[in-house]
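Here, each number is a calculation from the coordinates, and none is a lab measurement. Since the model is a prediction, treat every value here as computed from it, not as a measurement. Here the Cβ is made from the backbone with ideal geometry for all residues, glycine too, and neighbour counts use every protein chain on show.
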Amino acid sequence: MWTREELKERAKAVLKTNYWQALIVALVMVCLGCDSSGSNSGIKREKNYYQHMELDHLWFILMIVGGVAIVIMLIAWFVGHIIEVGGRKFFIRAAEGESKMDYLVYGFKENRYWNIFKAMFYSRFVIFLWTLLLIIPGIVKGYAYRMVPYILADNPNIGTKRAMELSQEMTRGQKWDIFVLDLSFLGWYLLGALALGIGAIFVRPYDYATNAELYLRLREDALQCGLCRYEELNIKRETLI
């Protein structure tokens, strides 16, 4: 059984040798995997002519903002999720002793793209539907499919259904502990927020590295319990922690 302290200590050990690489990877993952929003305001005019012009300008600005939001959403779906899997691959391999930033674009190579896209899109869509029904079931599903990008990082051709099934098996009975692990980073993110949010960026590599350690432990348990095979995840026995 894993503990928060154990995962975090292992993550710190990994980051001692490649923190700045990990920070760059984390920044790319955050920038391409998150939505952003903006606001705009107008200036009051006394004359109707200027009010009409202001209204036209407001609609123009709203159209621009809407267009930018759509572009960001499309980038997040068609690029961000692929980059996320590549980033998870980076942190997995870093935990195993190999630190190569090339893994960030792992999903764009060798006909992996559509397999990764389909699995990520469908798993996130299922989580979204459950969240629409009730918040708590949506959160539970989010933890159930938490390991999908990591599984795809190991084998992008494993298939959508199998990736989701395996993730559910890996996280069965572990969801509460993973939730508490997430809460343990809350203090770090609050401290980072005090520096206009910039400090939170530097916590990301620590967070990602710890979650990679979590996946490696869950993967090892799944292999030992016969939930999956070494060949299914494209790994060799000597790579296990």
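So how much slack lies between Ala193 and Cys225, counting 0.36 nm per residue of separation and subtracting their Cα-Cα distance, in nm?
Details: separation 32, 0.36 × 32 = 11.52 nm, distance 4.13 nm.
Difference between extended and current length: 7.4 nm.
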Taking Kirkwood radius over Cα pairs in Å straight from the coordinates, which label in [x] 18.0; [y] 19.6; [z] 18.7 is the correct one?
[y]
For Phe90, what is the net charge nearby, where nearby means another residue's Cβ is under 9 Å from its Cβ and Lys, Arg count +1, Asp, Glu -1?
+3
Compute the angle between helix 113-133 and the longest alpha-carbon principal axis of the chain, please, reported from 0 to 90 degrees and rounded to the nearest 10.
70 degrees
Mind telling me which of Gly199, Gly86, Gly187 comes out most flexible in a GNM of the chain, alpha-carbon contacts under 10 Å?
Gly187
List the lysines whose alpha-carbon lies under 30 Å from that of Lys118, not counting same-chain residues fewer than 8 positions away?
Lys89, Lys100, Lys109, Lys141, Lys161, Lys175, Lys236
Only Cα pairs under 8 Å and at least 6 apart count here; give the relative contact order of the chain as a rounded whole percent.
24 percent
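Let me check I've understood the local charge: for Arg217, count other residues with C-beta under 12 angstrom from its C-beta, Lys and Arg +1, Asp and Glu -1. What total comes out?
Working: positive: Arg4, Arg10, Arg219; negative: Glu6, Asp177, Glu213, Glu220, Asp221.
Computed value for this residue: -2.
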For segment 151-165, take each phi angle, set θ = phi - 60°, evaluate the Karplus expression 6.51 cos²θ - 1.76 cosθ + 1.60, and give the result in whole Hz per residue in order, putting x for glycine and proline.
5, 5, 5, 6, 8, x, 9, 5, x, 4, 4, 5, 4, 6, 4
Can you work out the FRET efficiency for the pair Glu110 and Lys161, with r the C-beta to C-beta distance and R0 = 22 Å, to the nearest 0.05?
0.50
